[in-house]
Amino acid sequence: MDKTALITGASSDLGIAYIQENITEYTRIIAHYNRKNESFEALLEAYGDKIVPIQADFIRREEVERLIQEVKEQNLAPDHILHLVSIPAKSVRFHKSEIGEYEAMMEVSFYSIVEILKAFLPAMQKQKYGRILFLLSAYTTIPDPKYAAPYVASKYALLGLMKAVSAEYAAKGITVNGISPQMIETKFLKDVPELIVEQHKKVSPLGRLLQKTDILPVMKLLLSDEAAAITGENISITGGNYIL
């Protein structure tokens, strides 16, 4: 069976790692990116036409619509969607956060995938097959998230969307799940204060941040044919650390 994946935020460290690990699983990978980097360029060079890169800045709704149109014009119908794109969380007290931060978070993380799913779920429904996975956050599983209200709000919106869509399409052979990892050691943390990063390392039973290799096996499972009976689940990946 031919499989086509659409990965949002494919130029991220986690997106690149997933593609490298699972390139043989797909006939074609549509790799969304906002800005290229050396690692992403090397990935495109290594795998050639098997990866279809499409640039779009999801802060603008029309850019999401353009991406969808480009995918359709190339007669690509994704049956696997991996939604990784997000604006990094900032450590800021609630009363100091601006409404624009909430709007940006929702545009990039939430409204983008709403439009993408509306565009491509009908084809999945017709063929009675699809795998969808959202990158959420440990903020959705711990009891007291703080100092990141815009980020937390956007991830809870995604969690609610995942639950609603999974319930509606469960009988159509389509699974929709989320993973909620603690801090992963990637460039996504570049704006997080070093003190906070070190605190996470100290309180983790692993004595370190999560690595991409801790996350990839769970991603692979939830996007696989073997996971047909798993849907509507938010899988927590913390290494035993439940403090943020």
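The values are calculated or read from the model by the stated rules, or taken from the named source; none is laboratory data. Since the structure is predicted, the reported quantities are computational estimates derived from the model, not experimental observations. Every residue, glycine as well, gets a Cβ built from its backbone with ideal geometry; the counts of neighbours run over all protein chains shown. Just so you know, the surface numbers come from the protein's heavy atoms only, side chains and all, with ligands and any DNA or RNA stripped out. Shrake-Rupley method; radii C 1.70, N 1.55, O 1.52, S 1.80 Å.
Calculated from the structure at hand, P(r) over Cα pairs in 10 Å bins from 0, in percent is found among (1) 7, 31, 35, 19, 6, 1; (2) 7, 28, 27, 21, 14, 3, 0; (3) 7, 32, 39, 19, 3, 0 as (3).
Each semi-axis of the equivalent ellipsoid for region 113-221 is √(5λ) with λ an eigenvalue of the Cα gyration tensor; in descending order they amount to 31, 15, 12 Å. Under a model in which nothing but the beta-carbon of Lys, Arg (+1) and Asp, Glu (-1) is charged, the chain shows a dipole of about 460 debye around its Cα centre.
Between I99 and D2, the modelled label-to-label distance comes to 4.8 nm, taking each label 7 Å out from Cα in the direction of the beta carbon.
Ordering of 147-159, 4-16 by packing is 4-16, 147-159, highest average first (other Cβ atoms within 10 Å, averaged per residue). Phi angles of region 43-49 translate, via the Karplus equation with coefficients 6.51, -1.76, 1.60 and θ = phi - 60°, into HN-Hα couplings of 4, 5, 5, 6, 10, x, 5 Hz per residue; Gly and Pro are given as x. Loop-resident trypsin sites (Lys or Arg not before Pro) (DSSP state other than H, G, I, E or B) in region 1-50 with no more than 13 further Cβ atoms inside 10 Å of their Cβ: R35, K36. With 20 Å as the limit on Cα-Cα distance, the pairs of K50/K72; K50/K155; K3/K72 that go past it are K50/K155.
An ellipsoid equivalent to region 1-136, defined through the eigenvalues of its Cα gyration tensor, has semi-axes of 26, 18, 13 Å when rounded to whole angstrom and sorted largest first. Which one of L135, V165, A227 is farthest out on the positive end of the charge dipole of region 91-244, using unit charges on Cβ (Lys, Arg +1; Asp, Glu -1) and the Cα centre as origin? Result: A227. In the chain, the longest principal axis of the Cα atoms and the axis of helix 61-73 are about 30 degrees apart.
Give me the percent of accessible area attributable to carbon and sulfur for the chain, probe 1.4 angstrom. For the chain, the apolar C and S fraction of the accessible surface comes to 52 percent. Counting only protein chain heavy atoms and rolling a 1.4 Å probe, the accessible areas of K201, K118, K126 rank, largest first, as K126, K118, K201.
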